[in-house]
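This report concerns only the one structure given below.
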Amino acid sequence: MDTFKLKGLLILAVLVVGILFAAPSFFGSKEVPEGWIGPKEKIKLGLDLQGGMHLVLRVVADKAVESRMNSTVSDLKAQMVKQRVHYSQVSSDSPETLRVALRVPDDYGKLADLIGSGYPYLQEIDRSSKGGTMTVEYRMSAQEAATIRSQAVEQALETVRNRIDQFGVSEPSIIPQGDERIVLQLPGVTDPDRAKALLRNTAILEFKLVDEEHSVQDALRGDVPSGSYVAYMKEGNQPILLKERAVMTGDLLDDARMRIQSTYNEPYVEISFSREGGRIFERVTSENTGKRLAILLDGKVYSAPVIREAISGGSAIIEGRFTDEEASDLAIILRAGSLPAPVEILEERTVGPSLGRDSIYQGFLSMIIGGLVVVAFMLVYYKFSGLIADLALIVNIVLILGALAVLGATLTLPGLAGIVLTIGMAVDANVLVYERIKEELRLGRTAKMAVDAGYKNALSTILDANITTLIAAIVLFQFGTGPIQGFAVTLSIGIVASLFTVLVLCRWIQEWLVNYQKIERISI
Amino acid sequence: MDIIRPGTQIDFMKYRKAAFSVSAALIIISLVAVFVRGLNYGIDFTGGTEIQVAFSETVKTDEVRSAIGPIGLANATIQSIGEREDNEFLIRTPTEGDSGDDTVQQIEGALRDTFGEEKVDIRRVDMVGAAVSQDLKQKGFLSLFYAGIGILIYIWWRFQLGYSVGAILALIHDVVITVGVFAIAGREISLPVIAALLAIVGYSLNDTIVVYDRIRENIKKAAGSFDLSSLLDSSISQTLSRTLITSTTTFVVVLALFLFGGTVINNFAFAIMVGLIVGTYSSIFIASPILLFFRREKK
């Protein structure tokens, strides 16, 4: 078999593979029919075409450091009382520092022992005495702070994944970016506000006893009893005096489900504790029978019922005049776990389904109109050779679509624009060759010689011209985001595909015409 | 069929002084426009919130404004887009700080409260916080920079110094004038527009390279003494029909994109249209005549 036939087979193979991979995408949202032997992957549509939500979240990891420091403060206070370290104040001015004021400076030794054994991550940075009080300042070690931060981000990523899974988004993409960011792609989200609320709730569940020995009114006037603080009810915003210490937290949760109360048809969330959690809950409720227990979520009091008897079943309910949606989302959040630190939304790009549909329609409309004009022009201007170029153009588009499907690349609106541009540009290589052939013919060369010289002479120009555009496209891919990368992808694929269609396919057809069909006059 | 009759030779070099003056004037106008009028950066680069909303009943711009007035956004930019009967608007406000999420919810809430839940179709929300917009700005300019470097290296490797300088000057010329047109038209510079500028860089170079290749080839053929000026003329003339055909087919498809592609892609298509015109002009009237300045370096 000669090289010419071999080339023909190669071209055929590329064509068949291209068509096989491109074909599934033409079924649109419909299923690929049974019995289709080829690959079934369709081209992935970007969020800007199918509708959906792109979010960049930042985990405020400093808050995780801060809350660790806060718990260190209360823990240290308790330890100092136990070890008879006489302090007047323990405070934390910034997330990473802690200050202890000792009433008895001689207790410093005991304090240093305590810190050394129980809180090795605290490093003493300053010590001063003034009027019988010694103030010692500590700083959290940089290593510890970094660990807390990275753990917070990791756990937040996990929690966000869980929540989105449970929310039911098909094919979400959730990836970390840089130190503190999480990038989410949520196709087909129809209620962006709900999705955002689901992500932003830190969902820290706490149970705290109501301080019934003191009056809220006094506390509001500024006379807050030590160990208590004023919180507010979620409904109605009434103040309520709570003990600072949480008797239990949501860590020990096993499951959370939305239930509907039969008499009033009102939804509520039922939570069940793990075995350990159930035991603690039973102990807490039996020790505090007759008192009120407040249920807090993210610092807001949802309800504060009176404990009538010890609760041993290991479950509790959260009421709060929810809508069905709110209750079911709350259950999701509680099941998925709390966020170790709050998150903020740095970037949001949401495209509604109606705009996505319009964009697809408009994109294809311009592609078809532009394409038809180019096809007609080539036909009129280059006659039969124009027809060959048009064939190459169609093959080109099929190859681009096939390549997108194979690579699993995403087709975005700028990506569609890239294909449109490719249509305009792909004929450029044809034009370069054809103008050459015309020149050669005018010099009196035979058809065979003109075709040979045309392709040979245009080759380096075509490569030079396309490689520079390819450089621009690759840079664009490196630096672009989402939709723009889609443009870079279709542009690059389009360039490579057009090199193949013109330099291999068109050349083969024309060589076949002049060498095997002995065509002596080229219609050009 | 031929659009340029074979053998035609146009004396392009004769017009080079005029062309340089025109280009210099255009560049000055562009720079003045950019510095005086400023560029209309989109929220990708300034940070902010942009909401595209369609109503199912007739709504006027003023009504939208008074709906979001109570939440302190009476000064938001509100623009009617599309056909009149679409009742579609673009609401844009700057965002302070890293997250503008509250603004999004406030605007949506205010619109739904005023016009009724089912009459409001939120078609698109773009919210870019300050941190992200800084990143995007940096990445946008870096991409232009690196593409320039990459192309420079490629041309340096493939052509001699004179050609490289000519190609790069033509590129700068094209990008500056395109940006200038955006400043004058007050059109928005967004991420897709940066992508378009990069595509222009690629295409303008494409044209230039085709002409340069022909010049090199003709110099090789001439082998001996030749008049560079008339050689440039004939090289440009020989490639002129290709230049015009390719520019036209590309322009036609981009025009289709501009006319039918919808609002999202409109500025992108506009940038490429401008870039194509300027790029075609510069590869003929700027990139090639510059070679005359380097003729003494050649034997």
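The values are calculated or read from the model by the stated rules, or taken from the named source; none is laboratory data. Just so we're clear, the structure is a prediction, and the values are computed from it rather than from any experiment. As a convention, Cβ positions derive from the backbone with ideal geometry for all residues, glycine included, and neighbour counts pool all protein chains shown.
When you go through A:GLY424, A:GLY444, A:GLY454 one by one, which is the residue that is more than 7 Å from chain B (Cβ to nearest Cβ), out of contact with any Pro (no Cβ under 8 Å at 6 or more places or on another chain) and at pLDDT below 90?
Working: A:GLY424 fails: more than 7 Å from chain B (Cβ to nearest Cβ); A:GLY454 fails: at pLDDT below 90.
When all the criteria are applied, what remains is A:GLY444.
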Requested in this report: Using the structure shown, decide if B:THR243 is among the hydroxyl-bearing types (Ser, Thr, Tyr), in the same structural domain as B:ALA195 (by TED's automatic domain parsing) and at pLDDT 90 or above.
Outcome: yes
Report summary line: Those residues of the stretch B:94-108 that are within 15 Å of A:LYS196 (Cβ to Cβ), in contact (Cβ under 8 Å) with a residue 12 or more places away in the chain and more than 9 Å from every other protein chain (Cβ to nearest Cβ) come to a total of 3
Query raised in the report: Are any residues in the stretch B:220-250 in contact (Cβ under 8 Å) with a residue 60 or more places away in the chain and of a type outside the set (D, E, K, R), and if so, which ones?
Result: B:LEU228, B:SER229, B:SER230, B:LEU232, B:SER234, B:ILE236, B:SER237, B:LEU240, B:SER241, B:LEU244, B:ILE245
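Looking at this structure, is B:SER30 hydroxyl-bearing (Ser, Thr, Tyr), in contact (Cβ under 8 Å) with a residue 60 or more places away in the chain, more than 10 Å from chain A (Cβ to nearest Cβ) and surrounded by 15 or more Cβ atoms within 10 Å (Cβ to Cβ)?
Values: hydroxyl-bearing (Ser, Thr, Tyr): yes; in contact (Cβ under 8 Å) with a residue 60 or more places away in the chain: yes; more than 10 Å from chain A (Cβ to nearest Cβ): yes; surrounded by 15 or more Cβ atoms within 10 Å (Cβ to Cβ): yes.
Yes.
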Query raised in the report: Out of B:GLU63, B:GLU88, which single residue is more than 27 Å from B:VAL179 (Cα to Cα), among the acidic types (Asp, Glu), crowded, with 18+ Cβ neighbours inside 10 Å and not assigned by TED's automatic domain parsing to the domain that holds B:SER288?
Result: B:GLU88
Query raised in the report: Only one of (1) in contact with a Ser or Thr (Cβ under 8 Å, 6 or more places away or on another chain); (2) exposed (fewer than 14 other Cβ atoms within 10 Å of the Cβ) fails for B:THR95. Which number is that?
Result: (2)
Requested in this report: Give me a count of the residues in the stretch A:275-333 that are part of a helix (DSSP H, G or I) and under 20 Å from A:PHE167 (Cα atoms).
Outcome: 10
Query raised in the report: So is A:LEU184 modelled with pLDDT of 85 or more, within 14 Å of chain B (Cβ to nearest Cβ) and either surrounded by 13 or more Cβ atoms within 10 Å (Cβ to Cβ) or closer than 30 Å to B:GLY100 by Cβ (or both) or not?
Result: yes
Report task. Name the single residue, out of those in the stretch B:205-229 being farther than 22 Å from A:ARG436 by Cβ and in a helix (DSSP H, G or I), that is farthest from the other protein chains (Cβ to nearest Cβ). Result -> B:SER229
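Have a look at B:LEU232, B:LEU292, B:LEU257 and point out the one that is part of a helix (DSSP H, G or I), away from chain A (no Cβ under 11 Å) and crowded, with 18+ Cβ neighbours inside 10 Å. I'd like the intermediate steps shown before the answer.
Values: B:LEU292 fails: crowded, with 18+ Cβ neighbours inside 10 Å; B:LEU257 fails: away from chain A (no Cβ under 11 Å).
Of B:LEU232, B:LEU292, B:LEU257, the one residue that is part of a helix (DSSP H, G or I), away from chain A (no Cβ under 11 Å) and crowded, with 18+ Cβ neighbours inside 10 Å is B:LEU232.
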Query - Every pair of residues 6+ apart whose Cβ atoms lie under 9 Å, when the first sits in the stretch A:138-161 and is under 11 Å from A:ASP62 (Cα atoms) while the second is of a type in the set (Ser, Thr, Tyr) - result: A:ALA145/A:TYR121
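For (1) out of contact with any Phe, Trp or Tyr (no Cβ under 7 Å at 6 or more places or on another chain); (2) outside the structural domain of A:PHE364 (by TED's automatic domain parsing); (3) in a helix (DSSP H, G or I), each residue gets a yes or a no:
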residue: A:LYS42; (1), (2), (3): yes, no, no
residue: A:SER71; (1), (2), (3): yes, yes, yes
residue: A:ASP113; (1), (2), (3): yes, yes, yes
residue: A:MET134; (1), (2), (3): no, yes, no
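Right, B:ALA183: in a helix (DSSP H, G or I) and either crowded, with 24+ Cβ neighbours inside 10 Å or within 9 Å of another protein chain (Cβ to nearest Cβ) (or both) or not? Even if it seems obvious, please write down each step before you answer.
On the way: in a helix (DSSP H, G or I): yes; either crowded, with 24+ Cβ neighbours inside 10 Å or within 9 Å of another protein chain (Cβ to nearest Cβ) (or both): no.
It is false that B:ALA183 is in a helix (DSSP H, G or I) and either crowded, with 24+ Cβ neighbours inside 10 Å or within 9 Å of another protein chain (Cβ to nearest Cβ) (or both).
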Query raised in the report: Across the stretch A:409-421, what is the total count of residues that are more than 23 Å from A:LEU387 (Cα to Cα) and more than 9 Å from every other protein chain (Cβ to nearest Cβ)?
Result: 5
Query raised in the report: For the stretch B:260-289, how many residues are facing chain A (nearest Cβ under 8 Å) and part of a helix (DSSP H, G or I)?
Result: 6
**Report entry** Test for A:GLY370: is it crowded, with 16+ Cβ neighbours inside 10 Å, at the interface with chain B (Cβ under 7 Å from one of its Cβ atoms) and at pLDDT below 90
**Finding:** no
Report task. Would you point out which residue out of A:VAL427, A:VAL420, A:VAL406 is buried (at least 24 other Cβ atoms within 10 Å of the Cβ), in contact with an Asp or Glu (Cβ under 9 Å, 6 or more places away or on another chain) and not hydroxyl-bearing (Ser, Thr, Tyr)? Result -> A:VAL427
Query raised in the report: Based on what the data block shows, is A:GLY250 closer than 28 Å to A:ASP324 by Cβ and among the small types (Gly, Ala, Ser)?
Result: yes
Report summary line: Residues of the stretch A:138-169 being buried (at least 21 other Cβ atoms within 10 Å of the Cβ), hydrophobic (A, V, I, L, M, F, W, C) and within 14 Å of A:SER338 (Cα to Cα), in sequence order, are A:ALA152, A:VAL153, A:ALA156, A:VAL160, A:ILE164
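In the stretch A:390-408, is there at least one residue being over 18 Å from B:ASN266 (Cα atoms), outside any helix (DSSP H, G or I) and more than 9 Å from chain B (Cβ to nearest Cβ)? Even if it seems obvious, please write down each step before you answer.
Our first condition is that a residue be over 18 Å from B:ASN266 (Cα atoms); within the stretch A:390-408, this holds for A:390-408.
Filter again for outside any helix (DSSP H, G or I), leaving A:408.
Right, trim to more than 9 Å from chain B (Cβ to nearest Cβ) and you get A:408.
The answer is yes; a qualifying residue exists.
Report, by residue number, each residue of the stretch A:338-361 that is farther than 17 Å from A:ILE182 by Cβ and more than 7 Å from chain B (Cβ to nearest Cβ).
Let us first name the residues in the stretch A:338-361 that are farther than 17 Å from A:ILE182 by Cβ, namely A:351-361.
Hits for the stretch A:338-361 are A:PRO353, A:GLY356, A:ARG357, A:ILE360, A:TYR361.
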Report summary line: Only unsatisfied item for A:GLY46, checking (1) more than 23 Å from the chain's Cα centre (by Cα); (2) touching a residue at least 40 places away in the same chain (Cβ under 8 Å); (3) crowded, with 19+ Cβ neighbours inside 10 Å, is (1)
Report task. Could you look through the stretch B:1-31, keep only residues that are among the hydroxyl-bearing types (Ser, Thr, Tyr) and part of a helix (DSSP H, G or I), and pick out the one that is modelled with the lowest pLDDT? Result -> B:TYR15
Report task. Can you give me the number of residues within the stretch A:373-383 that are surrounded by fewer than 19 Cβ atoms within 10 Å (Cβ to Cβ) and more than 9 Å from every other protein chain (Cβ to nearest Cβ)? Result -> 2
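Out of the residues in the stretch B:109-126 that are of a type outside the set (A, V, I, L, M) and within 13 Å of chain A (Cβ to nearest Cβ), which is farthest from B:VAL64 (Cα to Cα)? First the steps, then the outcome.
Taking the stretch B:109-126 and keeping what is of a type outside the set (A, V, I, L, M), we get B:109, B:112-119, B:121, B:123-124, B:126.
Next, only the ones that are within 13 Å of chain A (Cβ to nearest Cβ) stay: B:109, B:112, B:117, B:121, B:123-124, B:126.
Working: B:GLY109: 12, B:ARG112: 11, B:GLU117: 14, B:ASP121: 13, B:ARG123: 15, B:ARG124: 16, B:ASP126: 18 Å.
Among those that are of a type outside the set (A, V, I, L, M) and within 13 Å of chain A (Cβ to nearest Cβ), it is B:ASP126.
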